[in-house]
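The next block holds one structure in the form of structure tokens; read it before the comments.
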Amino acid sequence: MNDFSPSQQLAYEAANKGKNIFITGSGGNGKSYLTERLITPSTVVCAPTGIAALRVKGITCHRAFALPIGLPQDEDKWKISKEQSEILKRAERVIISEIGMLRIDQMELIDAKMKRARGNKKPFGGLQMIVEGDFFQLEPIVSRDEEFFFYKKYKHPFCFGFNGWNFEAFDLCHPQRNKNKKQYDLLNKIRQGDVESLPELFSEVKKYALSDEGELHLCTRKENAAIINEYYLKGNLNADYTFDADISGDISEKDVIVPAKLILKVGCKVLICANNPDIGYVNGDTGIVISISGSRVFIKLSSGANVEVVPHTWYRYAYAYEGKNLVKKVIGYFKQLPITLGWAISIHKSQGMTLDSAAIHNGNGCFGHGQFYVAVSRVKNLNNLSFVRSKKSKEITGKDLIVKDDVKKFYNKIKYKKRLDNLF
């Protein structure tokens, strides 16, 4: 017996029949959970970014397929090691999580490399592909240095524009995070860039007040998050305690969400970035440091529970074959308290999180496709969301709902294998 929603069950059954599928749906509908359940011992699991890869206990797409940094060159499609070829030749399936952040040129290159590695001209060399994500959320990055050359070849960066895109689509439409139907429908309007839904959104959220200054702020820019955290940490006159990460092998601070050098004080606000249900906390919990004793840190969660947060280890993996078996080997680890300062975090780093409450700091305004939707869809209940009102945070307007027309057109054209109505 499983605990899938009806829409998850449909996708699960199709995947286990060997079909190439695209698992999508709005934030908090169980995409990551379903992906985790589809992993077999012979599955190559990857994601476009280091943080996303660690979240699904996989590797980056760059490592899995020897993708170059920057724009691919013609010769790059032939660059794949013997070891990588063997892995792709013998793997049962490939899962790419957070597919919305994978660029079209990278998807083209993955297809070419898999055909070469497997000696098979079928799409992706005939290997089963499961891709999961929401193109209405954060988009792939094209740097300023790449823009001129990239857009001479491509109309947009989204990988659904790839000529070989031929996946059965499954829409996960049973909410796991926000189960208030009115709010869920409203968030879907925001997701699709409906500017006229803003007044309704403002009627659901609470007003930002001075009492909200201790709230977790979701910032459009990481610089704003750093300034807010530093300001409040300096304002706390208690003693500093420094916790240095234990780092070994091929992994770095940029691959994880927590700092290598963590400075805490009793009384400071924190955000927990890992699950430990045995102790009583989960990723996205917020709280206040109430005691520090040597290497031990005790936190009073917003729920009222007191917990000791223990070090968490993030592993970076690589795949290899031992005989006929596909083996996922640890090539590096990062061990640290799963804590960041909890007054502010960038919206980009919040993707995938579920929060009880938050305040959105708009800074100079949203600048990326899907950024605003990611921010407002992190909370379980919009009644616990607020918008910062200050000279350093612009008021939310329709200009902040940045949704690319290419994504809207793509979703409007999708013919889902079977689509269910939302169930509450």
Worksheet item: In the range 128-171, how many residues are within 18 Å of CYS46 (Cα to Cα) and touching a Leu at 6+ places or on another chain (Cβ under 7 Å)?
Response: 3
Worksheet item: Filter the range 56-71 for residues that are surrounded by fewer than 21 Cβ atoms within 10 Å (Cβ to Cβ) and closer than 15 Å to PHE334 by Cβ; which is modelled with the lowest pLDDT?
Response: LYS57
Worksheet item: Does GLU83 fit the bill of being out of contact with any helix residue (DSSP H, G or I) (no Cβ under 6 Å at 6 or more places or on another chain), among the acidic types (Asp, Glu) and modelled with pLDDT of 90 or more?
Response: no
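If I filter the range 15-22 for residues that are of a type in the set (A, V, I, L, M) and either at pLDDT 95 or above or buried (at least 17 other Cβ atoms within 10 Å of the Cβ) (or both), do I get at least one hit? Let's see the steps before the verdict.
At the first step, the residues of the range 15-22 found to be of a type in the set (A, V, I, L, M) are 15, 21.
The next check asks that each one be either at pLDDT 95 or above or buried (at least 17 other Cβ atoms within 10 Å of the Cβ) (or both); those that pass are 15, 21.
Yes, there is a match, as at least one residue in the range 15-22 is of a type in the set (A, V, I, L, M) and either at pLDDT 95 or above or buried (at least 17 other Cβ atoms within 10 Å of the Cβ) (or both).
Can you list the strands (runs of 3 or more DSSP E) found entirely within the range 263-366 that contain at least 2 residues being buried (at least 22 other Cβ atoms within 10 Å of the Cβ)? Give the derivation first.
Values: elements: 269-272, 286-293, 296-301, 306-309, 312-322, 325-336, 339-341, 344-346, 358-361.
Of the strands (runs of 3 or more DSSP E) lying wholly inside the range 263-366, those with at least 2 residues that are buried (at least 22 other Cβ atoms within 10 Å of the Cβ) span 269-272, 286-293, 296-301, 312-322, 325-336, 339-341, 344-346, 358-361.
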Item to complete: Collect the residues in the range 313-359 that are on the phi > 0 side of the Ramachandran plot and within 17 Å of the chain's Cα centre (by Cα), keeping them in residue-number order.
Response: GLY352
Worksheet entry | All positions within the range 46-101 that are in contact with a Pro (Cβ under 7 Å, 6 or more places away or on another chain) and either in a helix (DSSP H, G or I) or basic (Lys, Arg) (or both) | CYS61, ASP76, MET101
Worksheet item: How about the range 107-142: which of its residues are in contact with a Phe, Trp or Tyr (Cβ under 8 Å, 6 or more places away or on another chain) and not hydrophobic (A, V, I, L, M, F, W, C)?
Response: GLU108, ASP111, LYS113, LYS115, ARG116, GLU132, GLN137, GLU139, PRO140
Worksheet, complete the sentence: By residue number, the members of the range 371-410 that are of a type in the set (D, E, K, R) and not in a helix (DSSP H, G or I) are ARG378, LYS380, ARG389, LYS391, LYS392, LYS394, GLU395, LYS404
Worksheet entry | Whichever residue in the range 34-45 is outside any loop (DSSP other than H, G, I, E, B) and not basic (Lys, Arg) and, among such residues, is nearest to MET114 (Cα to Cα) | VAL44
Worksheet item: What is the residue count in the range 102-157 for residues that are surrounded by fewer than 17 Cβ atoms within 10 Å (Cβ to Cβ), of a type outside the set (Ser, Thr, Tyr) and part of a loop (DSSP other than H, G, I, E, B)?
Response: 6
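Determine if the range 23-30 includes at least one residue that is of a type in the set (Ser, Thr, Tyr), more than 24 Å from TYR333 (Cα to Cα), in a loop (DSSP other than H, G, I, E, B) and touching a residue at least 24 places away in the same chain (Cβ under 8 Å).
Let us first name the residues in the range 23-30 that are of a type in the set (Ser, Thr, Tyr), namely 24, 26.
Subset that is more than 24 Å from TYR333 (Cα to Cα): 24, 26.
Checking which are in a loop (DSSP other than H, G, I, E, B) leaves us with 26.
Those still in the list that are touching a residue at least 24 places away in the same chain (Cβ under 8 Å) too: 26.
Checking the range 23-30: at least one residue is of a type in the set (Ser, Thr, Tyr), more than 24 Å from TYR333 (Cα to Cα), in a loop (DSSP other than H, G, I, E, B) and touching a residue at least 24 places away in the same chain (Cβ under 8 Å).
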Worksheet item: Which of the residues spanning the range 130-159 are among the polar types (S, T, N, Q) and modelled with pLDDT under 90?
Response: SER143
Worksheet item: Got at least one residue in the range 378-395 being under 16 Å from GLY100 (Cβ atoms) and either more than 23 Å from the chain's Cα centre (by Cα) or β-branched (Val, Ile, Thr) (or both)?
Response: no
Response to the item:
Sole miss for LEU237 among (1) closer than 22 Å to GLY294 by Cβ; (2) among the hydrophobic types (A, V, I, L, M, F, W, C); (3) outside any loop (DSSP other than H, G, I, E, B) is condition (3)
Practice prompt. Name the residue, out of ILE104, ILE69, that is within 20 Å of PHE136 (Cα to Cα) and not aromatic (Phe, Trp, Tyr).
Written response: ILE104
Worksheet item: Is the range 47-56 home to any residue that is among the β-branched types (Val, Ile, Thr) and closer than 17 Å to PHE124 by Cβ?
Response: no
Worksheet item: Looking at the range 240-262, which of the residues that are in a loop (DSSP other than H, G, I, E, B) and among the hydrophobic types (A, V, I, L, M, F, W, C) is surrounded by the most Cβ atoms within 10 Å (Cβ to Cβ)?
Response: VAL256
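For LYS77, indicate whether it is surrounded by fewer than 16 Cβ atoms within 10 Å (Cβ to Cβ) and either touching a residue at least 12 places away in the same chain (Cβ under 8 Å) or not polar (S, T, N, Q) (or both).
Judged against the criteria, LYS77 is not a match.
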Item to complete: Report, ordered by the first and then the second residue, all pairs with beta carbons closer than 7 Å, sequence separation of six or more or different chains, a first member in the range 119-146 that is among the aromatic types (Phe, Trp, Tyr), and a second member that is assigned to a loop (DSSP other than H, G, I, E, B).
Response: PHE136/GLN192; PHE136/GLY370; PHE136/VAL403
Worksheet entry | Whichever residue in the range 179-216 is under 25 Å from the mean Cα position of the chain (by Cα) and under 30 Å from GLY267 (Cα atoms) and, among such residues, is modelled with the highest pLDDT | VAL205
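The values are calculated or read from the model by the stated rules, or taken from the named source; none is laboratory data. None of these values were measured; they are calculated from a predicted model. Quick reminder, even Gly has a Cβ in these numbers, built from the backbone with ideal geometry, and neighbours come from all protein chains shown.
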